[in-house]
1. Show the residues, 5+ positions off or on another chain, whose built amide H is closer than 5 Å to the amide H of residue 201.
2. What list of ³J(HN,Hα) values in whole Hz, one per residue of segment 210-225 in order, does the Karplus curve 6.51 cos²θ - 1.76 cosθ + 1.60 (θ = phi - 60°) give from phi, with Gly and Pro shown as x?
3. Quick one: Karplus J couplings for segment 50-62, per residue in order, coefficients 6.51, -1.76, 1.60, θ = phi - 60°, nearest Hz, x for Gly and Pro?
4. Please report the net charge: other residues with Cβ closer than 11 Å to the Cβ of residue 168, K and R +1, D and E -1.
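Bear in mind these aren't lab numbers, they're just calculated from the coordinates by the rules spelled out. This structure is a prediction, so every number in the text was calculated from the model and none was measured. Every residue, glycine as well, gets a Cβ built from its backbone with ideal geometry; the counts of neighbours run over all protein chains shown.
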Amino acid sequence: MRGVTPTASSRRLFALCAVVLLTVSCRWGGQDDADGERPPGAPTGVTAQAGSATSVHVMWNRTAPAGSEVTGYEVYRGHTKVEQVPASTHMVDVTRLRPATTYVFTVRARDADGRLGPPSREARATTPAAARADTAPPTAPADLGGRAAGSRAAQLSWTAARDDRGVVSYDVYQGASKIHSVGGNQTAAVVTGLRPGTRYVFTVRARDAADNLSPPAPAVRLTTAEGPDGGAAATAPTDFRAAARRSGGAYDIVLSWTPPRVDGTVAEYEVRLDGRPVTSLVYGGEAPRDRATYRFYAGEEAGVTHRVRIRALLPDGTWGAFSAERTVTTGAAGRHRNSPR
């Protein structure tokens, strides 16, 4: 809850946020620097995926500015800084690693004033064993297909490549630029952060443990939808449900939803109650991918009707579309409505 003087209700929300079994934090703001601005927050959605026996692909969500503009990111292997990239980049390949070794990575954001934010949560990856005398690249992925998902996202899929030692990862290219990498057991990806009404060309290449790269799959061309709809079909939480539950003499609103399928991890949501932001949820640990739940305090009075909806902060640093709006009434067991308004 933001911009509200703590009351008995807000103190109850603080208590809910402290429950250990939930890895969700409620953001009430932090202490500003002397100049009135805060350093960047910790990047969320950090993942690490072995790209070969000697490389790991690290990816994270872009960090929204906490005060001044974010100008870059630093990537750490353990306590050692290994990469530094501009704010427009949210992925990097860390190379010159050892085969069959587990590594721990974190990411920190830096703002325009040179302030370095806190480290992200740790992401671990284990490189595969080196393949001896392997000079044969995988075959090209086949049947690459894709479709625009609204105005800012695209969904890609392909048929697995073949390799005598096994495919370790797939690299996704937008034109001539590598924009993402997924594990060798995956044959699909969602690309976000695209521009409305724009034509894109994507292709995919397979990589084995010896860093041999396959020929590219035949390119797929697609055009994103016109308009500022934010790619609602791909970015809104789906199957959103809400119910009022009595708890200790008061009422909570219990929410559940399926996170949007985007390229990266959705680690933050905004909940709106009766048209106003009521709280932000930030997952400090592993964010749910299949089904998410949350509950928050709604007051002690029965018979009060509320409207509630939710939206996700996407990996590209922008807000996704809102879920369908639900209506709930405290003390009206079995009478809450979960149909779209």
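1. When sequence neighbours closer than 5 places are left aside, the close amide H contacts are 175.
2. Here the 3J(HN,Hα) series is 7, 6, 6, 10, 6, x, x, 5, x, 5, 10, 10, 8, 10, 6, 5 Hz.
3. 4, x, 6, 5, 10, 9, 9, 8, 10, 9, 8, 7, 5
4. Taking every Cβ under 11 Å from that of residue 168, the sum is -2.
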